[in-house]
Every structure is written in structure tokens, then in C-alpha cells.
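What follows is a short report on a single structure.
Coordinate-derived values only; no laboratory data. Small disclaimer: the values here were computed from a predicted structure and weren't measured. Methodologically, a virtual Cβ is constructed for each residue, glycine included, from the backbone with ideal geometry; neighbour enumeration extends over all protein chains shown.
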Amino acid sequence: MTGLKPLTLRIIRDEHAALAAMLRTLPLLLAEHRRAGTLPDFAALRAMLFYVDEFPERLHHPKESELLFPKLRARAPAMRELLDKLDEDHARGERAIRDLEHSLLGFEMLGDARRAAFEQQAERYVHLYLQHMDIEEREILPAAMQLFSEEDWQDLDQAFAENKDPLTGRHLGQLQAELDGPYHAVFQRVLNALPEPLGLAPRLPG
């Protein structure tokens, strides 16, 4: 395909970048509190995990598994094993985030007795998630760019544009408009939990 980069690729890469920035922040925040001997802001951590569950797991991954991957399987049979593995990652993702949320609840309720378990589980979750996205960036998206037709991209662009991730670093005015509904308080807490160098967007007004 020639011409402009398809909207689908821009959306996927923006969502990957936003999610990766937040995932990398999670163990940094935990390590900072461990060094200081303090407890983290559990409400902020719950908001971060809720975001992972609500957007990547329920919207981003299904569109990849149901729309992007089948088209690529049809055009690149040699990639089927890799695509199957990525689909398996998606299928396990919902259980993994729920397990992590339960582990966080244990940490919040029982304190330091559950700190190490949550930190180790969070570290493993982040590592596997970043590895998964890296494979998609290095293997899947370049193959799709090479093999898909204009018609393929038109179908995908329409589907991927329907549910936009609110943490993709848009202009504050657009982001604020998208968060005026029930998600406003949740995503304001997520954004405010991120240290300034790692923040995904300007701080939202209270």
C-alpha cells in the first residue's frame, strides 16, 4: 500500500504508546513507595488497572483478534502460529488483569504482608504485556502494511476509529470533552498519578 499511513496503524501505535508509558510507570511508583517505606495511593492504582481492563482488554484487543489478525492470517499463512500465540495472550488478558486487581485488593486490605506478592505479580504482568506489544509492533503491523489493500484498511479504519482510547495524548481540549462523561474522574486520577516526565497528557482540571 502507498500513500498516507492507515488510521488503524496510527491508532494502534498511539494506544500502545499510552499503555506502555503507564505500564512502565506502575513498577516505578511501587518501587518509589517501597524505598520511602510508604503505602501507594491505592485509589490511583485501582484506576490504572481499571483503565487496562476497560480499554485495552475490552476494546483494543478484540478489534485486533477479530478484525486485524484474521485478515493477516488469510494473506500470510506462515504467520498463523505467531497470530495464534497473540490471540492466546488476548484470551488470557482478562483473567490476568482480574488476578492483578485481586492482588492489589489484598495489598490494600492487608498491607505489607501482601506488598511483595503484588509487586512481583505487577512486574510480571507489565513485562509480558510490553513483550506482547513489541511483537505486534515489530512483526504484525509491518506485515499488515505490506500485505493489506486499500479496501482492507478502509474496513479496519472504520472499526478502529469507533472507540478511541482516552489516554493517547490528544490535545487537552479534545481529551477533556471525551472525559466529561462517567470516565472523567477515573482518568483524571490515572493522569494525575503519573509522574510529570512520564505523563501521557497535560493534567486535567479538577
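Asp84 to Ala36: FRET efficiency via 1/(1 + (r/R0)^6), r the Cβ-Cβ distance, R0 35 Å, to the nearest 0.05? Mind dumping the intermediate values first?
Values: r = 44 Å, r/R0 = 1.25.
It comes to 0.20.
Along the Cα→Cβ direction, 7 angstrom out, place labels at Asp99 and Leu28. What is the inter-label distance in nm?
Each label point is offset 7 Å from its Cα along the Cβ direction, giving 2.7 nm.
So how long is each side of region 64-128 along the principal axes, counting just the alpha-carbon atoms, biggest first, in Å?
51, 17, 11
Could you run the Debye sum over the Cα atoms of region 6-72, one equal point scatterer each and no solvent, and tell me log10 of I(q)/I(0) at q = 0.21, 0.23, 0.25 Å⁻¹, two decimals?
Evaluating at q = 0.21, 0.23, 0.25 Å⁻¹ gives log10 I(q)/I(0) of -0.90, -1.00, -1.10.
Tabulate in residue order the Karplus-calculated ³J(HN,Hα) for region 23-35, using 6.51 cos²θ - 1.76 cosθ + 1.60 with θ = phi - 60°, rounded to whole Hz; enter x for Gly and Pro.
Listing the rounded values in order: 4, 5, 6, 4, x, 5, 4, 5, 5, 4, 5, 5, 4 Hz.
For region 7-196, taking Cα atoms only, what is the radius of gyration to one decimal and the Dmax to the nearest whole Å?
In order Rg, Dmax, the Cα atoms of region 7-196 give 17.7, 56 Å.
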